Amino acid sequence: MTAASNAPEPGIQRVLVAGASGFVGRRLCPALEKAGYEVVAMTRNPDRYDGVGRPVAGDVHDADSLKPALEGCDAAFYLVHSLDSPEFERLDAEAATAFGRAAAEAGLKRIVYLGGLGKDDDELSPHLRSRREVEQLLGSAGVPVTTLRAGIVIGHLGLSWEMTRQLVERLPLMVTPRWVSTRTQPIAVSDVVRYLVGVLEVPETEGRPFEVGGDEVLPYSDMMRRVAAIEGRPLVLLPVPLLSPKLSSHWLSLITDVDAKAGRSLVDSMVNEVVVEDDELHRLIPFDRQSFDEAVRAALTERAEDLGTAGGFLGRLQAKLPMSLAHQVKVRRDEPPAVARRRRKVVAATSVAGAGLLGVALSAKPASRRFYATTMAVAGVWTVGGLVSGPLHLGWVELQDRTIRRPVLTPIATGVGAFGFFYACAQVAKRIPPLSRAISSVLQFADEGDDTLVLITTLANGAAEEVFFRGAVYAAFGDENPALKTAAVYVLATIPTRNPSLVLAASVMGGLWSAQRRATSGLQAPMLTHLTWSTLMLKFLPPVFRESTPSTDEVRAV
């Protein structure tokens with residue numbers, strides 16, 4: 001493994017890996033086992049761990065769980081962070097302190113930590129500053145800490161690498177912020193693993209920080225161009241000075257599946273140059289490092305093999321199909337109790353006001369000012385109520401190849417399919433007088449009104465319903481069957497209309513939209529399905545019932 005030795009350091013036999021199922025950890029565990037170490041994989045869910053090593057329950061944010069996890073270990077690798085939390089600096093500091101104390105109590109000889117590059121005399125970003133703080137806190141109880149400071153690590157599922165790859169693959173023309181000219185020294189994940197294993201075999205590395213990087217220093221813009229060239233994709237970069245880190249992170253969260261909070265932390269760090277100034281570790285552990293291009297090709301190959309997209313055109317086509325509605329995108333969103341209480345209050349008040357206005361709107365004369373005014377008032381109440389209630393999320397759709405995208409094509413296609421189902425049912429319903437009268441009484445509002453105004457009010461209400469019902473109401477129910485409860489509330493909201501056809505439609509479509517909300521963890525998918533379905537229903541359903549549409553007087557008599 002190294003020039004110094006090819007066997008474990010004397011006294012270090014059992015090694016714990018905190019973060020064993022993560023990007024680096026799942027590669028490190030097999031390498032440690034191959035090097036002759038007994039591997040203990042610390043995880044919050046040992047029953048579900050399927051990697052190398054003996055799984056043991058432990059959570060760096062639960063100090064009481066650390067002592068039993070570390071018992072009997074000689075050394076530990078610390079590969080965890082909380083970048084997806086807005087309070088990552090506090091959480092990481094508390095976790096590092098607890099882990100360092102538990103390691104000292106367990107008698108560990110060494111902790112190995114993977115941190116971040118960056119000059120100490122720079123004005124470091126919160127992310128890099130936190131990494132430095134973790135270094136200190138891990139060793140505050142007396143256990144020697146060996147730190148490897150790395151910049152961008154190139155490898156399948158690495159956060160920085162995924163952000164780079166997805167930008168290149170999804171945007172052939174990129175308006176870029178100034179940080180794309182910042183220099184960095186990327187390194188292959190396989191080389192990081194070799195260094196991590198190697199430091200246990202070289203006693204001189206104990207208790208010291210080291211800088212690690214590849215053989216090339218590249219601006220982020222050159223990295224993206226090189227990735228585009230390897231993949232055979234066009235790429236034009238247009239740098240502008242107006243994109244702040246905050247705007248950049250929101251832009252990244254729209255285009256890529258990188259979490260907005262983690263993206264903001266990464267973007268903040270990209271204003272700092274991360275270049276190796278002292279390559280001493282490579283002199284202690286010499287080997288041929290992968291070039292940037294080799295690391296990129298290895299990451300792309302691993303991704304293709306992992307996702308099963310290396311099987312030609314049909315394999316790639318199948319990989320781009322969406323998962324079923326029963327599949328949920330894993331998204332962590334912690335909502336403070338105060339936000340939850342406010343949301344429930346706002347939802348309750350908005351539900352009552354919206355249902356009352358909806359009943360008034362549909363009892364008004366078709367095409368009247370009262371109808372349009374009250375209909376838009378309903379949309380306004382639901383929209384304001386939804387937005388005021390608390391944070392809302394657009395959501396993601398997961399494809400068969402496990403890539404994450406903003407839901408667009410799938411929900412539109414679902415809306416078209418739902419319309420086809422309703423259109424077929426309408427051919428039957430028009431022959432059943434009670435159903436035909438009920439549906440016709442609703443379609444009168446579309447048939448007798450101004451086409452443009454009807455479309456505007458319908459789409460405004462459709463969008464508002466999703467903001468409120470699939471946004472605020474869904475979130476208000478928390479984890480207790482929110483899809484079923486949201487659908488039920490949606491149906492109850494249509495009862496004041498006293499129209500069985502509307503209640504029936506709400507039952508079917510409310511169930512579908514709630515299922516989409518559950519599957520995608522956001523309201524974009526149900527909103528696009530709703531708007532697509534509503535537009536097609538307005539366009540094609542009224543002619544089906546036009547011959548049997550009763551007059552206004554007949555409707556009022558009914």
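Any read-out appearing in this document is the output of simple, stated calculations on the displayed coordinates, not a laboratory observation. This one's a predicted model, so the numbers in the text were calculated from it and none came from an experiment. Neighbour counts run over all protein chains shown; Cβ positions are idealised from the backbone, glycine included.
A straight chain from SER368 to THR535 at 0.36 nm per residue would run longer than the Cα-Cα distance by 58.0 nm. Under the shape rule built on the C-alpha gyration tensor, where the axes satisfy a ≥ b ≥ c, region 14-307 is prolate, since a/c reaches at least 1.5 and a/b is greater than b/c. Candidate cross-link partners of LYS485 among the lysines, defined by an alpha-carbon separation under 28 Å and a same-chain spacing of 8 or more, comprise LYS330, LYS345.
A simple count of charges around PRO286, restricted to other residues whose Cβ falls under 14 Å of its Cβ and scoring Lys, Arg +1 and Asp, Glu -1, yields -4.
Within the same chain, lysines fewer than 8 places from LYS67 are excluded, and of the rest, those with a Cα less than 27 Å from its Cα are LYS34, LYS109. Report the label-to-label distance for VAL352 and GLU305 in nanometres (one decimal), using points 7 Å from each Cα along the Cα→Cβ vector. Here the answer is 6.3 nm between the modelled labels. For the pair ASP64 and LEU325, label points projected 7 Å from Cα toward Cβ lie 4.2 nm apart. Here's the list of aspartates and glutamates a cross-link from LYS119 could span, going by alpha-carbon distance under 13 Å and ignoring same-chain residues fewer than 8 apart: GLU211, GLU273, GLU277, ASP278. For the pair GLU206 and ARG178, the difference between a 0.36 nm per residue extended length and the Cα-Cα distance amounts to 6.2 nm. Is region 394-547 rounded, prolate or oblate when judged by the Cα gyration tensor, a ≥ b ≥ c being the square roots of its eigenvalues, rounded requiring a/c under 1.5 and prolate requiring a/b larger than b/c? Cα axes put region 394-547 in the prolate bin. A simple packing score, the average count of other Cβ atoms within 10 Å per residue, orders the peptides 188-199, 466-477 as 466-477, 188-199, with the highest score first. Take the Cβ atoms of ASN45 and GLU280, set R0 to 60 Å, and the FRET efficiency comes out at 0.95. Fully extending the segment from LYS34 to TYR423, taken as 0.36 nm per residue of separation minus the present Cα-Cα distance, adds 133.8 nm.
The simple Förster model, with R0 at 56 Å and r as the Cβ-Cβ distance, assigns LYS119 and LEU492 a FRET efficiency of 0.40. Using the Cβ of ALA104 as centre and a radius below 14 Å, the other residues enclosed give a net charge of +1, where K and R count +1 and D and E count -1.
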